[in-house]
Amino acid sequence: MNKRQLGQFSLLAICVGTLVGCGGGSDNTLKQSESVGTADKSKSSSVSGNSNNDAQNNEGSGSKDQSGEIGTGDAGSMDGEQSRYSQRGRVIDGYVSGATVWLDINNNGLFDSDEPSALSTDQGSYILELTESQRQCSVYVPTYVDVPVGAIDEDLGEVMEPYQLVLPPSLNAVEDHRGSAHVTPLTTVLWQALSGSETFKGKSCAQLQQNPGLLSELLSILRQTIDEVIAHYNISEQQLFSDYIAAQDEQAKQLAERIVVGLKASLKKRLELAEQYPEALEIRVVHYQKVPRTGGEPRWYREITVFGKHNSTFFSEMAHMDEALENVLFIEYLRTTTHQPWGEVGRYSEEVDLIKENADDIGTCVYRETVSVALDGINYELSNSMERKRDNEAQSCDWQQDFSARSARMLSITYGSELIEKYTQLEQRDGMFAGLSEWHSLANKHAALAPSELADYFVASGYELEKTLTLPAFSWYKRMADNSSEYRVITERFADKNWLKTTYHSDGTHTKLCSEDGSLWLPCPAN
């Protein structure tokens with residue numbers, strides 16, 4: 001098992017079934033690269049109401065150096081600079097001592113030797129001592145807690161199964177000292193819901209410092225997600241970030257205990273898969289509860305995704321679990337993929353999904369092949385898809401299908417610049433495949449098909465945001481993300497001819513305007 005695998009244990013226990021990050025393809029790793037926190041710093045720093053006690057309880061705790069001893073600095077990033085700033089709080093399931101708290105400064109999801117860390121002590125207290133540069137980045141990156149076997153939970157005793165907790169960053173102005181930065185299963189749920197967002201993925205401290213427009217969009221997503229989490233669990237924002245033990249909040253405490261059950265099961269399965277797939281770049285495992293589509297009481301689900309090189313996916317799976325999280329009742333969704341080069345400028349992938357509605361369903365095979373080519377700084381993509389009902393349980397969903405029988409085709413173009421990103425996607429169905437008629441069953445056709453054919457198909461097609469699309473399409477969508485000014489502005493155009501412009505502000509709020517022609521913009525009507 002390599003270091004990267006060990007550093008990417010999966011996080012979530014009870015994922016919010018209605019949120020981004022829960023369900024197909026969510027980015028649910030234990031140590032991830034995106035960040036979130038409270039949208040209002042004053043709220044997150046005041047939720048405990050016990051900051052003086054926090055300071056007292058943290059006296060004597062320090063940072064852990066690489067030898068494992070407690071010191072007053074971080075694990076090697078001081079470079080002679082005196083530590084003048086701190087982040088302090090508690091590690092809470094029950095209060096947990098003997099856990100390693102660390103700040104993921106470079107947002108790579110791994111505990112690197114030059115990142116500040118500390119051990120939690122009595123009542124779960126910790127202090128992270130920070131340099132000036134670390135302090136500047138601390139609001140943009142998450143705080144992780146590794147709870148090992150042998151740590152002490154003051155409610156339950158010695159920890160017998162390892163797990164990890166996360167506190168999302170605040171994305172707000174730097175404070176000299178961040179108090180009451182409690183790391184709990186509840187803050188971990190918030191991080192899990194947020195970290196599945198593509199907008200958060202891969203955003204470093206430096207990127208956010210240099211791009212206030214993007215930061216404003218992240219703040220807006222953060223604010224919305226906090227609202228969704230507290231609505232889903234019927235808790236307040238204060239409870240979400242609080243020391244629920246000191247507050248004697250039995251509701252929050254019981255919720256946290258349920259979440260940890262899933263965290264431990266996720267890590268256990270994650271370690272098994274790491275042994276099974278030693279070459280995997282990343283393995284994600286998530287256990288959560290949600291109400292099935294058919295209704296009834298909430299049930300446990302497990303999602304697994306195993307990633308290979310170039311962000312390829314070996315497979316992903318969603319399964320219904322028993323209450324003990326030990327046995328799979330049935331697999332609702334299973335995806336396997338293959339990737340390969342396609343000529344000198346392209347890549348080919350094929351996805352095969354098996355989907356079952358319930359335990360008695362025989363299942364449907366869904367096939368999709370995709371070619372992506374890059375020409376002159378523009379990326380073109382074409383996908384063919386089709387589906388077939390299985391005849392029996394033993395029938396496999398075979399690879400290398402004849403995609404001349406495709407039922408749908410997706411085409412997209414990504415262009416623009418680093419500051420102004422543009423994207424158009426359209427779906428075609430039966431009767432719309434006249435153009436590019438030979439572009440099917442593409443795995444071994446790179447010598448017979450010229451990538452320029454795909455580019456030429458878009459010429460004079462009206463794919464640009466402001467133009468009328470002339471290609472045959474069942475549906476289409478256009479988008480422009482403008483990061484060239486202080487605030488990030490996203491303009492979208494839909495097949496129903498409606499336009500939407502969203503401007504993200506520095507306080508985490510956003511403004512939406514609607515238009516029928518892209519010229520006259522008015523406040524959007526209420527839903």
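Output yes when any residue across the stretch 449-462 is at negative phi and under 31 Å from the mean Cα position of the chain (by Cα), and no when none is.
First pass over the stretch 449-462, keeping only residues at negative phi: 449-459, 461.
If we keep only those that are under 31 Å from the mean Cα position of the chain (by Cα) too, we end up with none.
Among the residues of the stretch 449-462, not one is at negative phi and under 31 Å from the mean Cα position of the chain (by Cα), which makes the answer no.
Look through GLU303, GLU272 and report the one residue that is within 16 Å of the chain's Cα centre (by Cα) and either at pLDDT 90 or above or β-branched (Val, Ile, Thr) (or both).
Details: GLU272 fails: within 16 Å of the chain's Cα centre (by Cα).
Exactly one of GLU303, GLU272 is within 16 Å of the chain's Cα centre (by Cα) and either at pLDDT 90 or above or β-branched (Val, Ile, Thr) (or both), namely GLU303.
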Under 7 Å between Cβ atoms, which residue pairs at least 6 apart in sequence (or on different chains) link something in the stretch 376-401 that is within 30 Å of GLU421 (Cβ to Cβ) with a partner that is among the polar types (S, T, N, Q) and loosely packed, with under 10 Cβ neighbours inside 10 Å?
none
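Restrict the check to the stretch 333-345 and report whether at least one residue is open to solvent by 70 Å² or more (accessible area, probe 1.4 Å), at negative phi, under 25 Å from the mean Cα position of the chain (by Cα) and without any contact (Cβ under 8 Å) to a residue 24 or more places away in the chain.
Going through the stretch 333-345, the residues open to solvent by 70 Å² or more (accessible area, probe 1.4 Å) turn out to be 339, 341, 344.
The next check asks that each one be at negative phi; those that pass are 339, 341, 344.
From what's left, under 25 Å from the mean Cα position of the chain (by Cα): 339.
Remaining after also requiring without any contact (Cβ under 8 Å) to a residue 24 or more places away in the chain: none.
Checking the stretch 333-345: not a single residue is open to solvent by 70 Å² or more (accessible area, probe 1.4 Å), at negative phi, under 25 Å from the mean Cα position of the chain (by Cα) and without any contact (Cβ under 8 Å) to a residue 24 or more places away in the chain.
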Among the residues of the stretch 98-110, are any free of Cβ contacts under 8 Å to residues at least 60 places away in the same chain, in contact with a Gly (Cβ under 7 Å, 6 or more places away or on another chain), open to solvent by 10 Å² or more (accessible area, probe 1.4 Å) and within 25 Å of ARG284 (Cα to Cα)?
no
Could you please tell me which pairs satisfy a Cβ distance under 8 Å, a separation of 6+ or placement on different chains, a first residue in the stretch 510-524 that is open to solvent by 50 Å² or more (accessible area, probe 1.4 Å), and a second residue that is outside any strand (DSSP E or B) and hydrophobic (A, V, I, L, M, F, W, C)?
LYS512/CYS524; LEU513/TRP521; LEU513/CYS524
Note on LEU454: of the conditions (1) open to solvent by less than 30 Å² (accessible area, probe 1.4 Å); (2) without any contact (Cβ under 8 Å) to a residue 12 or more places away in the chain; (3) within 30 Å of GLN400 (Cβ to Cβ), unmet is (2)
Residue selected from the stretch 251-266 under the condition open to solvent by 10 Å² or more (accessible area, probe 1.4 Å) and under 20 Å from the mean Cα position of the chain (by Cα), by the criterion farthest from LEU156 (Cα to Cα)
ALA265
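I'd like to check something: does the stretch 314-324 contain any residue that is within 20 Å of the chain's Cα centre (by Cα) and modelled with pLDDT under 90?
Residues of the stretch 314-324 within 20 Å of the chain's Cα centre (by Cα): 314-319.
Next cut, modelled with pLDDT under 90 only: 314-315.
For the stretch 314-324, residues within 20 Å of the chain's Cα centre (by Cα) and modelled with pLDDT under 90: present.
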Checking the conditions here, which among GLU132, GLU175 is open to solvent by 20 Å² or more (accessible area, probe 1.4 Å), modelled with pLDDT under 95, closer than 28 Å to GLN224 by Cβ and out of contact with any Gly (no Cβ under 7 Å at 6 or more places or on another chain)?
GLU175
Given HIS440, HIS505, which one is in contact with a helix residue (DSSP H, G or I) (Cβ under 9 Å, 6 or more places away or on another chain) and closer than 30 Å to ASP227 by Cα?
HIS505
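Quick one: count up the residues across the stretch 424-449 that are open to solvent by 40 Å² or more (accessible area, probe 1.4 Å) and more than 26 Å from LYS501 (Cβ to Cβ).
Going through the stretch 424-449, the residues open to solvent by 40 Å² or more (accessible area, probe 1.4 Å) turn out to be 425, 429-432, 434, 437-438, 444-448.
Cutting the leftovers down to more than 26 Å from LYS501 (Cβ to Cβ) gives us 429-432, 434, 437-438, 444-448.
Number of matching residues: 12.
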For GLN164, the lone unmet condition from (1) touching a residue at least 60 places away in the same chain (Cβ under 8 Å); (2) out of contact with any Phe, Trp or Tyr (no Cβ under 9 Å at 6 or more places or on another chain); (3) not in a helix (DSSP H, G or I); (4) not charged (D, E, K, R) is (2)
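Just checking, which of SER485, SER506 is over 18 Å from LEU382 (Cα atoms), among the polar types (S, T, N, Q), assigned to a loop (DSSP other than H, G, I, E, B) and open to solvent by 70 Å² or more (accessible area, probe 1.4 Å)?
When all the criteria are applied, what remains is SER506.
Checking the condition closer than 30 Å to ASN358 by Cβ, modelled with pLDDT of 90 or more and not acidic (Asp, Glu), which residue from SER412, SER396, SER383, SER404 passes? Spell out the reasoning first.
On the way: SER412 fails: closer than 30 Å to ASN358 by Cβ; SER396 fails: modelled with pLDDT of 90 or more; SER404 fails: closer than 30 Å to ASN358 by Cβ.
None of the others qualify; the one that does is SER383.
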State which residue is surrounded by the fewest Cβ atoms within 10 Å (Cβ to Cβ) when the search covers only the stretch 135-161 and only residues that are in contact (Cβ under 8 Å) with a residue 60 or more places away in the chain and part of a strand (DSSP E or B).
ASP153
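Results for (1) over 24 Å from GLY343 (Cβ atoms); (2) of a type in the set (Ser, Thr, Tyr), shown as yes or no for each residue.
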residue: LEU449; (1), (2): no, no
residue: GLU453; (1), (2): no, no
residue: THR470; (1), (2): yes, yes
residue: TRP476; (1), (2): yes, no
residue: ASN498; (1), (2): yes, no
residue: SER506; (1), (2): yes, yes
residue: TRP521; (1), (2): yes, no
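The values are calculated or read from the model by the stated rules, or taken from the named source; none is laboratory data. Since this is a predicted model, take the numbers as computed values, not measurements. Glycine gets a Cβ as well: all are built from the backbone with ideal geometry, and neighbour counts include every protein chain shown. For accessibility, only protein heavy atoms count, side chains too; no ligands or nucleic acids. Shrake-Rupley method; radii C 1.70, N 1.55, O 1.52, S 1.80 Å.
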